[in-house]
Amino acid sequence: MKFRRRPLIVLWLLLIANAASCSKPAPPRRVATDNATSSIEDATPIVVSAAASTRDVVEALSEQFEKQAGVDVQVNAGASNELATQILAGAPVDVFLSASSEWANELQKEGRAAATSELLANRLVAIVPKGNPAGVHEPNDLLSASVQKLALAGENVPAGKYADQALAKLGFLEQLTGAKKIARGEDVRAAASFVARGEAEAGVVYATDARVVPDVEVAFEFDPALHDKIVYVLVLVKNDSARPAARRYYEFLRSPQAADAFTTAGFTPIARDNSAADSH
């Protein structure tokens, strides 16, 4: 599997520039009309944009899909709002896994969703460096003098929005902001990394991030009533031509095999009969 090391939008712009410099136009991509994986369509990698919190499990599942389907998968992980913005700008993406329904709805609104499905649920927790040097055990401890910095994802990032909602309902957000205690990361993994490196005494992330980011531990879990329900929505992106391989990947992430992997990673799969209906 090929992992993208640079922002997808940058690679997209480079592809446009390279195409413009060619003297002959590229032949149109042929869409497969059967299950033969040797077709040009199946030879084209599936591009997946996934919320940063799902990076590890999506990469592992993509490797499994590659072995089963014989199709390369490129995973681009980052903040859901940025990934959705790239897709709306025309970036070549086949499947999008958003950490909130907001951005999946935006793609639907703009006619870029061929199908959607509520896939996963998650929980919001406070993490601290191993050993909990600041002694954070409950929400009120975030206001203590021992907590100089509280790491959160960006204000427009789903994890950051959920954290802001919880802190606001607790009556903490204005005080923490005024005291300049909040440090924002570009996505939830960046926020968790601040804590792991000891640059923040605490952070607010998903429970699943606490499982995979080294050198952190969970101090407490936030009451789910303090924030919107955390729902991950899977989107089959609508492109100029249908891609059977992308549809197969979309269905693979909805399969019992994928559900087992998500469960092991700490997510809660949403039952298929409770999923949002496909839209075509």
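The values are calculated or read from the model by the stated rules, or taken from the named source; none is laboratory data. Nothing here was measured: the structure is a model prediction, and the numbers come from that model. Neighbour counts are summed over all protein chains in view; Cβ atoms, including those assigned to glycine, are modelled from backbone coordinates with ideal geometry.
Odds and ends about this structure:
- Among strands (runs of 3 or more DSSP E) entirely within the stretch 181-267, having at least 1 residues that are more than 24 Å from ALA104 (Cβ to Cβ) and β-branched (Val, Ile, Thr) singles out 182-185, 216-221.
- Residue check, ALA153 over 28 Å from PRO214 (Cβ atoms), among the small types (Gly, Ala, Ser) and touching a helix residue (DSSP H, G or I) at 6+ places or on another chain (Cβ under 8 Å): no
- Residues that are part of a helix (DSSP H, G or I), aliphatic (A, V, I, L, M) and surrounded by 24 or more Cβ atoms within 10 Å (Cβ to Cβ) within the stretch 155-180 comprise ALA159, ALA163, LEU167, listed in sequence order.
- From the list ASN81, ASN140, ASN132, the one residue that fits, being outside the structural domain of ALA52 (by TED's automatic domain parsing) and either part of a helix (DSSP H, G or I) or within 24 Å of PHE267 (Cα to Cα) (or both), is ASN140.
- Filtered by the rule that a residue be surrounded by fewer than 22 Cβ atoms within 10 Å (Cβ to Cβ) and either within 13 Å of ALA134 (Cβ to Cβ) or touching a helix residue (DSSP H, G or I) at 6+ places or on another chain (Cβ under 6 Å) (or both), the stretch 200-213 gives VAL212, VAL213.
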